[in-house]
């Protein structure tokens, strides 16, 4: 039997993912977004977007100009998001490390996500570390979604066992 999750009440300064909209939206953020692989920063921006959707921690998308040259190598395959459209995947390469399909973008997203066309996000579980305003991100469970969990958001979060039909 499907049980609706009980949202955790947010403390002052926090957001509940249960207050995020459905359908999903993207909004600009001036938070400092950083990604590290093989002991070195590979991406850094204050010109990103965050995608918000009910029950999901945000995903942060960075302009490709703010990713180190040569880090993103196009990978085969793709996926479709009902809100954003067709995704393209990248292997992420830094130093002696290559992580298959650790990043993705929407080259030609739906109209609602048009401002973030070509911006790239990373799976926090597959790179060494991701940071939002200096806080290390906890990866969203499950391996399918790429949400970035910080102390500023509360759940419960979709992605773990038993959450498929939330």
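Readers should treat all values here as calculations from the given coordinates under stated rules, not as data from a laboratory. The structure presented is a predicted model; accordingly, all values stated were derived computationally and were not measured. Counting neighbours? That spans all protein chains shown, and the Cβs are built from the backbone with ideal geometry, glycine included.
When the chain is treated as a GNM, springs tying every alpha-carbon pair under 10 Å, which of 70, 78, 13 comes out with the largest mean-square fluctuation?
Between 70, 78, 13, it is 13 that shows the largest mean-square fluctuation.
In whole angstrom, how long is each semi-axis of the equivalent ellipsoid of the range 104-166, when you take the square root of 5 times every eigenvalue of its Cα gyration tensor and sort them from largest down?
On the way: eigenvalues 92, 57, 28 Å².
They are 21, 17, 12 Å, listed largest first.
Would you please report the Å³ per residue occupied by the convex hull of the alpha carbon atoms in the range 1-151? It would help to have the intermediate numbers written out before the result.
Working: hull volume 17.9 nm³, N = 151.
Once divided by residue count, the hull of the range 1-151 is 119 Å³.
With equal scatterers on the alpha carbons only and no solvent term, can you work out the Debye log10 of I(q)/I(0) for the range 45-106 at 0.13, 0.15, 0.21 1/Å?
Values, matching the q order: -0.40, -0.53, -0.98.
Over the range 1-156, what is the mean sequence separation of C-alpha contacts under 8 Å (at least six apart), divided by residue count, expressed as relative contact order in percent?
Relative contact order here is 26 percent.
Order of 40-51, 22-33 by packing, highest average Cβ count within 10 Å first? List each step's numbers first, then the result.
Values: 40-51: 19.3, 22-33: 15.8.
Highest-to-lowest ranking by the protection proxy: 40-51, 22-33.
Please find, in a Gaussian network model of the chain (springs between Cα atoms separated by less than 10 Å), the residue of 85, 155, 77 whose mean-square fluctuation is greatest.
It is 77.
How much of the calculated P(r) for the range 63-147 lies past 23 Å, in percent of all Cα pairs? Spell out each step's value before the answer.
Details: 742 of 3570 pairs.
The calculated P(r) of the range 63-147 puts 21 percent of pairs beyond 23 Å.
Sticking to Cα atoms, compute the Rg of the range 8-85 to one decimal and its Dmax as the biggest Cα-Cα distance, whole number, in Å.
My reading of the Cα-based Rg and Dmax gives 14.9, 43 Å.
Highest GNM mean-square fluctuation, the chain, Cα pairs closer than 10 Å: which of 123, 145, 89?
Largest GNM mean-square fluctuation: 145.
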